[in-house]
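Q: This is the structure I have questions about; it appears just below.
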Amino acid sequence: DTGVSQDPRHKITKRGQNVTFRCDPISEHNRLYWYRQTLGQGPEFLTYFQNEAQLEKSRLLSDRFSAERPKGSFSTLEIQRTEQGDSAMYLCASSFEETQYFGPGTRLLVL
Amino acid sequence: GQQLNQSPQSMFIQEGEDVSMNCTSSSIFNTWLWYKQDPGEGPVLLIALYKAGELTSNGRLTAQFGITRKDSFLNISASIPSDVGIYFCAGPLSTQGGSEKLVFGKGTKLTVNP
């Protein structure tokens, strides 16, 4: 399968814990995006990488959130000191030009 | 910020019926994308539209890019049970950082009764 993959698919954590998610994009895609989706809503943009450079961050991305793409391939999204409001589906997408292809997402539940 | 308005919010149809849903925006988009999302999964791209007035088909799906570049519709013909899911329209916004971040509508939830 050469699509976008994400790991883990599900994560349950206690409030205050740190969590890290991984995204492996389609191999020839240089652009990588993170989105967050809550129930009943469409995905909302969080951050964007072109190769290893993080070029844009949404105001939704508080200082507890950090994302990296160290070698321009896979990316990680870390949430520190999780809060119940962080419960959501975290989606990764990659593209070569305009059309973005999404991974299956990581569903986070903060208790 | 930019918003896409999708309608209807939900649809309940019988298997075999045709379905139509649409998406409008107050701003112009140069590309319209239609995605389908199953529960617990990521959105899957159905159709991408790149030119105003363009009509594109993908099997039983047909989508059109409105001539004003502010709207798009998606039709599904002869619906089947596996068409169940949430359909999202999306458009890319160019930003100073060089991203083409997607703005999504709230989705149309489709239920197909066998």
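Q: Across peptide B:42-51, how many C-beta atoms of other chains are within 10 Å of each residue C-beta, on average?
A: For this peptide, the per-residue mean of nearby foreign Cβ atoms is 4.
Q: When Cβ neighbours within 10 Å are restricted to other protein chains, what is their mean count per residue of peptide A:102-110?
A: Whole-number average of other-chain Cβ neighbours for A:102-110 is 3.
Q: To the nearest Å, what is the center-to-center distance of the range B:15-47 and the range A:48-79, using C-alpha atoms only?
A: If you average the Cα positions of each part, the centres end up 27 Å apart.
Q: Using every pair of alpha-carbon atoms in chain B, split the distances into 5 Å bins beginning at 0 and state the percent of pairs per bin, rounded to integers.
A: Taking every Cα pair in chain B, the percentages come to 2, 12, 23, 24, 19, 11, 5, 2, 1, 0.
Q: Summing +1 for each Lys or Arg and -1 for each Asp or Glu, what net charge is found among the other residues whose Cβ lies under 11 Å from the Cβ of residue B:80?
A: Its environment carries a net charge of -2.
Q: Less than 12 Å Cβ to Cβ from residue B:53, Lys/Arg counted +1 and Asp/Glu -1: what total charge do the surrounding residues give?
A: 0
Q: Assign unit charges at the C-beta atoms only (+1 for Lys and Arg, -1 for Asp and Glu), then state the dipole size of chain A relative to its Cα centre in Debye, rounded to the nearest 20.
A: So the dipole magnitude of chain A works out to roughly 520 debye.
Q: Kindly rank B:99-109, A:10-20 from highest to lowest mean number of other beta carbons found within 10 Å of each residue.
A: B:99-109, A:10-20
Q: Output the direction-averaged projected area (hull surface divided by four) of the convex hull of the alpha-carbon atoms of chain A, in nm².
A: Mean orientational projected area (chain A, Cα hull): 6.6 nm².
Q: Among B:69-82, A:90-103, A:61-74, how do they line up from the highest to the lowest mean number of other beta-carbon atoms within 10 Å?
A: A:90-103, B:69-82, A:61-74
Q: How much of the calculated P(r) for the protein assembly as shown lies past 24 Å, in percent of all Cα pairs?
A: Percent of Cα pairs beyond 24 Å in the protein assembly as shown: 44.
Q: Now for a different question. Quick check: net charge around residue A:33, other residues with Cβ under 15 Å of its Cβ, Lys/Arg +1 and Asp/Glu -1?
A: -2
Q: I would also like to ask the following. By counting other Cβ atoms within 10 Å of each Cβ, how are B:49, B:55 ranked from fewest to most?
A: Neighbour counts put them in this order, fewest first: B:55, B:49.
No lab work stands behind these numbers, since they all come straight from the coordinates. This one's a predicted model, so the numbers in the text were calculated from it and none came from an experiment. Because the Cβ atoms are built from the backbone with ideal geometry, glycine has one as well, and the counts that use them run over all protein chains shown.
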